[in-house]
Structures are given as C-alpha cells and as structure tokens.
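Following: one structure in structure tokens, then a few remarks.
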Amino acid sequence: MTTEHLTDGWEPDLPVSDTLLRRFLFNLAAFNELPAVAAGARVLRRHDLAAADLGRPAAMHNAATLLRPLPHDRAGETLEVVEGFYDGHGSGEAYLWSAWPTPDLRQRGWVLEGHPPLLLRPPGGPPPPPVPPGLRAERVTGVEGLRDWERVAVDGFPYRELQPYRPGVLLDERALADERVRLWVGYEGDRPVCMGTLFVDAGVAAFSLGVTLPEARRRGYWAAMAGVRLLEEPDLPAVGIFSDMSRPPAEALGFLPLLRFTLWHRPRPATATS
C-alpha cells in the first residue's frame, strides 16, 4: 500500500507562493543576501536555509534564515551547517532567524536576541499619513543618498560594532542596481534624520530596515517614512519584522500581528594565529 504524501508546507519543490509566511521567508533570505552579493562576498542557499556573510562586522547582515523548521530529531545537523559556514571565515557576529521556536542553543554558543513580531498589512488599508512639515523624504538614487541612509542606520539603531561610521559598512553602492531594494532618507533641512527600506520579492513588499535618530523622534517621522513605503507597492501585502517599540505605530497604520520570530546571534570563535 502506498502512502499519500501530505505536504507540510516546506518541501523544496513547493511554490514559494504557497503561504504568506513562505513568501516572507524567501524575501528575508534574499534581502540578507543582497549586501553580500553586492560586495562579492559569500552566500549559501539550500532547501532548508539561506545564509550570507560579509566576512566582517556587518550588524544583522551576516545572517542565516531557516526556510523550514529545524528537524526535531536532528536539529544539530542543520545548526552545524550554519555554524560551519561562519566559523573560521572573518569576523563579526552571525545571526539566525527562525519563524518557529527553536531548541535552546545557548550550549552551542548562541545568545538569544529576542522574539520580534512579524506584522502584515493587506492591500487596501487606510491611507498613510502625509509627510509632516519640516521633513523632506527623498528616494535614494545615488551614492551620496546611500551614505546618508547608511549613516542614519548605523547611528540610529545604533550598530555599535560599526562605529565610528565608515562608508560602505552596510551596503555597497553596487546594490543600487538591484531593483528589488528601494531606499529613502528623511531630511530636516540638509541633515539626514531618518531612513526607510523596502525590499520587494516573492510577492511581498517587506519593511526591511527603518529608524529615526533619537534626537528626531516623536515628530511623526517614523510613520511618515512608513507611509512613503506603503505608497510604493500599494497592491502587494506589506510585511515586516518589527520591534516591540515600533509595533504600536505600525498597527496604527493597519498592520496586523501574525507571529513572533526567534532571533539568535553568535560571536565567531577566535581563530588561532601562529
């Protein structure tokens, strides 16, 4: 007797469009690959995971994304692939994104970063707010704008391992040729104070990175930059992993909570030198 295969939703030959979560995971994997591909660095793509490594400190851009749940009976096999990809290849912490709960990875040297929520805004939601007076939102089209975008990201989160800021520390200018990524910078006068990122792939428009400098917060700038991104692809579902701090303003724009991711990071073991 033959047993009919019942899909679990994560088979390699299943269309990416099978579920919204599957679409987002492939979007996230592609976004994490973008800086490495632009810089000619290393990437790994398998049926169960995708990983990218710039080989140097790069905040969350040295990241692996699970494309299916860790096997409950042999999770170590997948984790060894991830760890082997990063260990012995440069410096900088490695990150691991999982849409599902994972085993406790602390014994393997991983540190739990948290459980940030994934939010969805279906097409046709309420109109986004206008850009407030005093803020000018500009689409990045060249290297000068890219460096403003990058500096706000480094100083705004902040990415302490990337300070002091150096041009190209996050995104090589060659990434601007990729039409999937859209970048904006918000200016007060000539000073960049906020930024937003949209990555369009796998049938979703992902809010991939956005922040306002601390001294410019509570002025409606985050919502304004979110609105600019929502107007870019109004017919696509907007999705994103948000912090708990940015979740309330996102929900005010019509985003709905779906689930919480599990995010780990792991310092690379020191490489012995002779």
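If amide H atoms are built 1.01 Å from N in the plane of the peptide, which residues on other chains or at least 5 residues away come under 5 Å of the amide H of Ala137?
Excluding prolines and chain starts, which carry no amide H, the hits are Tyr187.
Find which of Phe26, Ala36, Pro101 sits farthest along the positive direction of the dipole of the stretch 1-111, computed with +1 on the beta-carbon of Lys and Arg, -1 on that of Asp and Glu, about the Cα centre.
Result: Ala36.
Modelling each spin label as a point 7 Å along the Cα-to-Cβ direction, I'd like the Gln163/Ala252 distance in nm, to one decimal.
Rounded to a tenth, the inter-label distance reads 2.7 nm.
Amide H of Glu113 versus every other amide H placed in the peptide plane: which residues, excluding those fewer than 5 positions away on the same chain, fall under 5 Å?
Amide H to amide H, under 5 Å and 5 or more residues apart or across chains, Glu113 pairs with Leu263, Trp264, His265.
Any idea what the alpha-carbon Rg over 2.2 N^0.38 Å comes to for the stretch 115-154?
On the way: Rg = 14.8 Å, N = 40, 2.2 N^0.38 = 8.9 Å.
After normalising by residue count via 2.2 N^0.38 Å, the value is 1.66.
Looking at the square roots a ≥ b ≥ c of the eigenvalues of the Cα gyration tensor of the stretch 79-234, which shape do they give, rounded for a/c under 1.5, prolate if a/b is larger than b/c, or oblate? Don't skip to the end; give the middle numbers.
Values: a/c = 1.86, a/b = 1.46, b/c = 1.27.
Prolate is the answer for the stretch 79-234, as a/c is 1.5 or above and a/b outweighs b/c.
Of the heavy-atom accessible surface of the chain (probe 1.4 angstrom), what whole percent is carbon and sulfur? It would help to have the intermediate numbers written out before the result.
Values: 7150 of 13080 Å².
Percent of accessible area from carbon and sulfur atoms in the chain: 55.
Ordered by residue, what ³J(HN,Hα) values in Hz, to whole numbers, does the stretch 33-40 give under the Karplus form 6.51 cos²θ - 1.76 cosθ + 1.60, where θ = phi - 60° and Gly and Pro are x?
Once θ is set to phi - 60°, the couplings for the stretch 33-40 become 6, 3, x, 5, 5, 5, 8, x Hz.
Would you compute the Debye intensity of the stretch 38-154 from its alpha-carbon atoms alone, equal scatterers and no solvent, and pass along log10 I(q)/I(0) at q = 0.10 Å⁻¹ to two decimals?
Treating every Cα as an identical point scatterer, log10 I(q)/I(0) equals -0.47.
Return the ratio Rg/(2.2 N^0.38 Å) for the stretch 1-56, where Rg is computed over Cα atoms only. It would help to have the intermediate numbers written out before the result.
On the way: Rg = 14.9 Å, N = 56, 2.2 N^0.38 = 10.2 Å.
Cα Rg divided by the expected 2.2 N^0.38 Å: 1.46.
How long is the stretch 68-110 along each principal axis, judged by its Cα atoms, biggest number first, in Å?
30, 20, 17
Which percent of Cα-Cα pairs in the stretch 100-177 sits in each 5 Å bin, short to long?
3, 10, 13, 11, 14, 19, 16, 8, 4, 1, 0
Would you mind telling me the antiparallel percentage of the DSSP bridges in the stretch 41-144, rounded to 5? Don't skip to the end; give the middle numbers.
Working: 7 of 10 bridges.
If we restrict to bridges inside the stretch 41-144, about 70 percent are antiparallel.
Taking N as the number of residues in the stretch 1-105, what is its alpha-carbon radius of gyration divided by 2.2 N^0.38 Å? It would help to have the intermediate numbers written out before the result.
Numbers: Rg = 14.8 Å, N = 105, 2.2 N^0.38 = 12.9 Å.
Expressed relative to 2.2 N^0.38 Å, the Cα Rg reads 1.15.
If the viscosity is 1.002 mPa s and the temperature 20 °C, what Stokes-Einstein diffusion coefficient in µm²/s follows for the stretch 91-139 when Rh is the Kirkwood radius over Cα pairs?
135
Please give the length that would be gained between Glu215 and Ala75 if that part of the chain were fully extended, namely 0.36 nm times their separation in residues minus their C-alpha to C-alpha distance (nm, one decimal).
Details: separation 140, 0.36 × 140 = 50.40 nm, distance 4.36 nm.
Difference between extended and current length: 46.0 nm.
Report, in deg cm²/dmol and to the nearest 500, the calculated mean residue ellipticity at 222 nm for the chain, where each DSSP H run with n ≥ 4 adds -39500 (n - 2.57) and the sum is divided by the residue count.
Roughly -7500 deg cm²/dmol at 222 nm, from the helical runs in the chain.
Provide the gained length on full extension for the span Glu179 to Arg136, in nm with one decimal, where the gain is 0.36 nm per separating residue minus the Cα-Cα distance. Don't skip to the end; give the middle numbers.
On the way: separation 43, 0.36 × 43 = 15.48 nm, distance 2.27 nm.
Here the segment from Glu179 to Arg136 would lengthen by 13.2 nm.
Just the projected area, averaged over all directions, of the convex hull on the alpha carbon atoms of the chain: how many nm²?
Values: hull surface 67.6 nm².
Averaged projected hull area, Cα only: 16.9 nm².
When the scattering of the stretch 155-274 is computed by the Debye formula from its Cα atoms alone, each counted once and equally, what is log10 I(q)/I(0) at q = 0.11, 0.15, 0.23 Å⁻¹?
Cα-only, vacuum Debye calculation for the stretch 155-274: -0.46, -0.82, -1.57.
Label points 7 Å out from Cα along the Cβ direction at Leu231 and Asp8: separation in nm?
Those two pseudo-labels are separated by 4.5 nm.
One quarter of the convex hull surface, Cα atoms only: what value does that give for the stretch 136-178 in nm²? The partial results should precede the final answer.
Numbers: hull surface 13.0 nm².
So the Cα hull casts an average projection of 3.2 nm².
Have a look at the DSSP beta bridges in the chain and tell me what percent are antiparallel, nearest 5.
Values: 43 of 49 bridges.
Within the chain, antiparallel bridges account for around 90 percent of the total.
May I ask you to evaluate 6.51 cos²θ - 1.76 cosθ + 1.60, the Karplus curve with θ = phi - 60°, for each residue of the stretch 51-68 and list the ³J(HN,Hα) values in order in whole Hz, giving x for glycine and proline?
Coupling constants for the stretch 51-68: 9, 9, 8, 7, x, 8, x, 8, 6, 7, 7, 8, 9, 10, 10, 6, 9, 7 Hz.
The values are calculated or read from the model by the stated rules, or taken from the named source; none is laboratory data. As the structure is a computational prediction, the values presented were derived from the model and not from experiment. All Cβ positions, even for glycine, are placed from backbone atoms using ideal geometry, and neighbour counts span all protein chains on display. Keep in mind that these areas ignore ligands, DNA and RNA; they rest on the heavy atoms of the full protein, side chains included. Shrake-Rupley method; radii C 1.70, N 1.55, O 1.52, S 1.80 Å.
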